[in-house]
Structures are given as C-alpha cells and as structure tokens.
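Working notes, beginning with the structure itself.
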Amino acid sequence: MLFKERTNSAQLVQCKQYSHASSAKPVEQKTHYFQIAMRRKGQYLVTSTVPIYKNPWIEVTEDRVIRPDQTDGIFGLVDMKDGVAILPVLPDGQVILGKEYKYAQQKEMIEVIGGGIDANEWIDEAACRELAEEAGVKAGRLMYLGPTDPFTTLVRTRDHLFIATELEALPAKPDTDDFVEPITIALKTAVEYVLTGKITHTTSCLLILRGMLAFPQFK
C-alpha cells in the first residue's frame, strides 16, 4: 500500500491549512516483474503475471490462469491509484460538488469532490488537499465513512469516503492541474440527481445517499 491509512470509521479529524508545496513527500515506486512461481487467487491458479503498461495513474498486467474447470484462461487487470471522495456540507443543507469534463466519458459530469491519494500521503491529508484544490475550502470537521470498491472484477482501486462540515473558504485555491468547477446545490437536489440519473458516478451516488442518511433534516 503506497498511501498511509490512519483514519478509523466515523473518526473525526480537522483539516490543517493546506499548502501545495509543503505536501510533497517521497514517492515510492512499484517494481515491474514477471511472476514465475504459481500461486492461487481464490479458485484460480495463476501461472504467470506479465506487466503490460504503466503510467503515474494506472498499471496494467495480464494474469495467465488455470480455471476451476482446469482450462486455461487470462485476466487483464488494471491497478489504479486509490482515491478519496468528499461531500462538503454547509449549515443550510447545501453541498459543494464538482463539474468537470471527463475525458473517457467525453462529456461534463457532476461528481463529489475527490481525487487520487499521493504516495506516502495519509488518506485524511488527501481529503483535505482535494477540498482545497477542487472546492477552495478547508473543513473544521471531517468524518470518515469508510472505503468502497467501485470496481470488483478487472479493476483494483478503492475510494475512501468523507463528509466535510464546518467549512471555511480559503483565500485562494492552490495551483493544480484540475479543471473542476465547484457548484453548490441543495443536498436533496443532489439526491434527486442521483435518483434521476443526472449523477451517475458510482462513488458519488453512494456518498450523496449516505450524506442524506447522515443529515435527514435536509430532506
């Protein structure tokens, strides 16, 4: 695990003043290799693992396996950076979401605030950094709801869910390569967007619905 996890479920933490420059930490590197020794993954016997492609965000490998029926097979696997997803909630029941053009989907989409966890970064540090970069706020209270696995078959990644309250606007958003437009809407409207398909990002849907459970007074 390249990032650091110290936050227990429902633990409350506070965002410190975020500084983009001071957040840099040494980056660990994964090593590409051919896996020679056979090993088991559940009911599959893996005979080899071949690295296919790697960039700073994803790593693609191919496992050759023997299936439970003793036939040969392959699994193409994508290993993505783990991420954080944050729902910032204002005292009046408004929430801050982000609108951004999503390259793979080829359209603008509305999602919760979030992004990848940097190497050697605590997950709550990542949440505070993303709040600063995408929403321009810091949180006096950050509640960790636990992780979710948005993909389960061919993609391995995990998103860590947070609700942020006691928000304070930062004097200026940190310099970043994100192109996210923060938007503020009522939490109940965000739930309607989920139920009507206007918001389709899986992690965002889950976090918004859990946000409504946490704040039933805003129904």
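Bear in mind that the values in this text are calculations on the coordinates, not laboratory data. Predicted model, so just to flag it, every value in this text is computed and none were measured. Cβ sites come from the backbone with ideal geometry, for glycine too, and all protein chains shown count toward neighbours.
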**Item:** Among the candidates Val78, Val65, Val95, Val84, residue that is touching a residue at least 12 places away in the same chain (Cβ under 8 Å), farther than 26 Å from Thr200 by Cβ and not acidic (Asp, Glu)
**Value:** Val65
**Message:** Going residue by residue through the range 103-116, is there one that turns out to be loosely packed, with under 14 Cβ neighbours inside 10 Å, in a loop (DSSP other than H, G, I, E, B) and among the hydrophobic types (A, V, I, L, M, F, W, C)?
**Reply:** yes
**Fill in**
Flagged in the range 141-150 as surrounded by 14 or more Cβ atoms within 10 Å (Cβ to Cβ) and assigned to a strand (DSSP E or B), in numbering order, are Arg141, Leu142, Met143, Tyr144, Leu145, Pro147, Thr148
**Top-ranked residue in the range 117-140 [being β-branched (Val, Ile, Thr) and outside any strand (DSSP E or B); ranked as farthest from Asp178 (Cα to Cα)]** = Ile123
**Asked** Scanning the range 151-174 for residues that are closer than 17 Å to Glu125 by Cα and charged (D, E, K, R), which turns out surrounded by the fewest Cβ atoms within 10 Å (Cβ to Cβ)?
**Response** Glu168
**Item:** Subset of the range 194-219 (residues that are more than 20 Å from Gln106 (Cβ to Cβ), among the small types (Gly, Ala, Ser) and surrounded by fewer than 20 Cβ atoms within 10 Å (Cβ to Cβ))
**Value:** Ala214
**Request:** Among the numbered conditions (1) in contact with a strand residue (DSSP E or B) (Cβ under 7 Å, 6 or more places away or on another chain); (2) over 30 Å from Val78 (Cα atoms); (3) among the charged types (D, E, K, R); (4) assigned to a helix (DSSP H, G or I), tell me where Arg210 comes up short.
**Result:** (2)
